[in-house]
1. If R₀ is 45 angstrom, what is the calculated FRET efficiency for the pair A:LYS133 and B:ARG128, using the beta carbon separation as r and rounding to 0.05?
2. Taking the Cα centre of chain B as the origin and placing charges on Cβ (Lys, Arg +1; Asp, Glu -1), which of B:SER23, B:TYR34, B:LEU56 is farthest toward the positive end of the dipole?
3. What is the distance in Å between the Cα centres of segment A:83-136 and segment B:15-48?
4. Around A:GLU75, with a cut-off of 12 angstrom between Cβ atoms, what is the net charge of the other residues, counting Lys and Arg +1 and Asp and Glu -1?
5. Equivalent-ellipsoid semi-axes (√(5λ), Cα gyration tensor) for segment A:80-136, whole Å, largest first?
6. In percent, what relative contact order does segment A:20-112 have, based on Cα pairs under 8 Å that are 6 or more apart in sequence?
7. As an exercise, use a Förster radius of 35 Å and the Cβ-Cβ distance of A:GLU110 and A:LYS57 to find the FRET efficiency, rounded to the nearest 0.05.
8. Mean 1/r over all different Cα pairs, inverted: what Kirkwood radius does chain B give, in Å?
Protein chains: 2
Amino acid sequence: MATETIGQRMTAQRRLLLDIIRSANDHIDADGLYRQAKERDPRISLSTVYRNLSLLKDVGLIAERRLGEGHHHYEINVAPHHHHLVCVECGVVFEFESHFTEKMKAAVEEASQYVITNIEVNMQGHCRDCLEKSSQ
Amino acid sequence: MATETIGQRMTAQRRLLLDIIRSANDHIDADGLYRQAKERDPRISLSTVYRNLSLLKDVGLIAERRLGEGHHHYEINVAPHHHHLVCVECGVVFEFESHFTEKMKAAVEEASQYVITNIEVNMQGHCRDCLEKSSQ
DNA sequence: CCCTTATTGCAAATGCTTCCCAATAACAAT
DNA sequence: ATTGTTATTGGGAAGCATTTGCAATAAGGG
């Protein structure tokens, strides 16, 4: 008795999914991940994709974003903190960070008496390309 | 011919829904709205709730927020702009505004070359009450 | 090489939201 | 008032992203 394993086995599927997420240079969603994974392992299941996304998220390896409506996007957790500006026309995402968030956090913590654990800034707008297209 | 009405009839249901949203002092969700509406008009349909939420949103009378996971919350559009800090334990929402957002907008517009139309700041944390409860 | 137990695949279930369509009701013009 | 036009409704079915149940599989410590 007592084979205390508290989680995390490195399965082929998990390795595959992590690999795809790592090499994806933009934010990927569950369906895109599923499709790419199926190319390399046709028997992989959509449940496995969701289960692993959720696990990787819990562990802190990836971050979950809701950039638009309907579904989530995921990205590897590397940059300590950054935010998103999405073009409402074409969906292109501009990432940024700002020292203003720290100041804002301090001010809001003071005002609210909360202990703030997370800040997320989402902006929408029109990117240069779309602006040019519509002005012609 | 030519009875050009391009929309918006004031129906009893629409009046009722608006009334409930107005008198709700916190962010309400579709289901809560539906339940409250049914108390006053048992025949009202959930479709009607969703249709009117979407219409009121398009018209700009209410704002749609995704404060947590899963579903949306709605609130009357009055305060020009404010943001949200949600307690992850009990869900209580603290609203705030900050002049830092304007500065951040300017900086990000400059860096990205986008035209920014909307900014949303979502924070999570622990509220005073929950902190006290868990420290006892 | 076993044995335990995390993990998988598949299918069915969920939760929120949207869509379809025939019946109803608003409101402008008669 | 009455009509005609058309937005709106109720109800149920469909849709989409995600979760869950369960028997079969496989990881990795002993």
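1. The calculated FRET efficiency here is 0.35.
2. B:TYR34
3. Rounded to whole Å, the Cα centres lie 32 Å apart.
4. Taking every Cβ under 12 Å from that of A:GLU75, the sum is -1.
5. Listed largest to smallest, the semi-axes of segment A:80-136 are 32, 10, 9 Å.
6. Contact order relative to length: 21 percent.
7. Plugging the Cβ-Cβ distance into 1/(1 + (r/R0)^6) gives 0.70.
8. Across chain B, the inverse of the average 1/r is 17.6 Å.
Just so you know, all these numbers are worked out from the coordinates, no wet-lab data involved. No experiment lies behind these values; they were computed from the predicted model shown. Neighbour counts are summed over all protein chains in view; Cβ atoms, including those assigned to glycine, are modelled from backbone coordinates with ideal geometry.
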